[in-house]
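Notes to accompany the following structure.
The values are calculated or read from the model by the stated rules, or taken from the named source; none is laboratory data. In this text, all values refer to a predicted model and were calculated from it rather than measured experimentally. Here the Cβ is made from the backbone with ideal geometry for all residues, glycine too, and neighbour counts use every protein chain on show.
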Amino acid sequence: MFRLGGFTVVDQQVLDAQRQLIAELQQENHDLIDDLFNYQGPDAVFDSAELPYEETVDAHAMVSAGRQEALEGGKFLMITFGANWCLDCRTLHHHLQSDEVREYTEGIFEFVNIDVGKFNHNRDVATDLGVDLTWGIPVAIFFDPEGRVIGATNDGQLEPARYYTSKQILKFVRDIAEKSVIAAPDSVQ
């Protein structure tokens, strides 16, 4: 780019690339809006064996191992606090395991699930990490591949997970990995 007579001249290739990116983002937003307005209720069907939160494991050890594994692999880390009785928690887990989300996150994300029971387990682990359970569960904290905190969903962004689609959860994790942005999966940014 250079200035000519008070005007900024932009290279055609740069302009075309920006137009292409805008078109892709507009399409993604249209798809998400279509999903939101055509939503028919929770699309998650759970297998009774699909219980993502283990009540008897050492949560401190799980967090430590997850952080180490993510650092060694140069991956993002998502630590989710929830419970098996919680429909939103199980729905979030189900969406994170969907083909479209797993295809994107495989190789770039590590996931750790911490059981909170009836809010009487592992509160100390949540507090140590700066996770606030006030808005309900699921709630998650994210670390970048260097182990730095990106942020947490302390404002309830994941709490209504039963109303999200896998496509919305995919956008959510993409925003974290690509932009370091934590926004509710149904938001359009």
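Values computed for the structure shown
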{"quantity": "Given (1) crowded, with 21+ Cβ neighbours inside 10 Å; (2) over 27 Å from L25 (Cα atoms); (3) in contact with a Cys (Cβ under 9 Å, 6 or more places away or on another chain), index of the condition A126 fails", "calculated": "(3)"}
{"quantity": "Residue, surrounded by the most Cβ atoms within 10 Å (Cβ to Cβ), within region 156-184, restricted to residues that are more than 19 Å from I108 (Cα to Cα) and touching a Phe, Trp or Tyr at 6+ places or on another chain (Cβ under 6 Å)", "calculated": "E159"}
{"quantity": "From the options A152, A140, residue that is touching a Ser or Thr at 6+ places or on another chain (Cβ under 7 Å), aliphatic (A, V, I, L, M) and either buried (at least 16 other Cβ atoms within 10 Å of the Cβ) or more than 27 Å from D186 (Cβ to Cβ) (or both)", "calculated": "A140"}
{"quantity": "Residue satisfying condition, being part of a loop (DSSP other than H, G, I, E, B), under 30 Å from T56 (Cβ atoms), hydrophobic (A, V, I, L, M, F, W, C) and touching a residue at least 12 places away in the same chain (Cβ under 8 Å), within set I150, I176, I114, I137", "calculated": "I137"}
{"quantity": "Members of region 72-103 found to be surrounded by 14 or more Cβ atoms within 10 Å (Cβ to Cβ) and under 16 Å from P145 (Cα atoms), listed by number", "calculated": "G73, K75, F76, L77, M78, I79"}
{"quantity": "Residue in region 37-45 that is over 20 Å from V112 (Cα atoms), small (G, A, S), in a helix (DSSP H, G or I) and modelled with pLDDT under 85 present", "calculated": "no"}
{"quantity": "Selection within region 144-189 - of a type outside the set (S, T, N, Q), under 20 Å from D115 (Cβ atoms) and modelled with pLDDT of 95 or more", "calculated": "A152"}
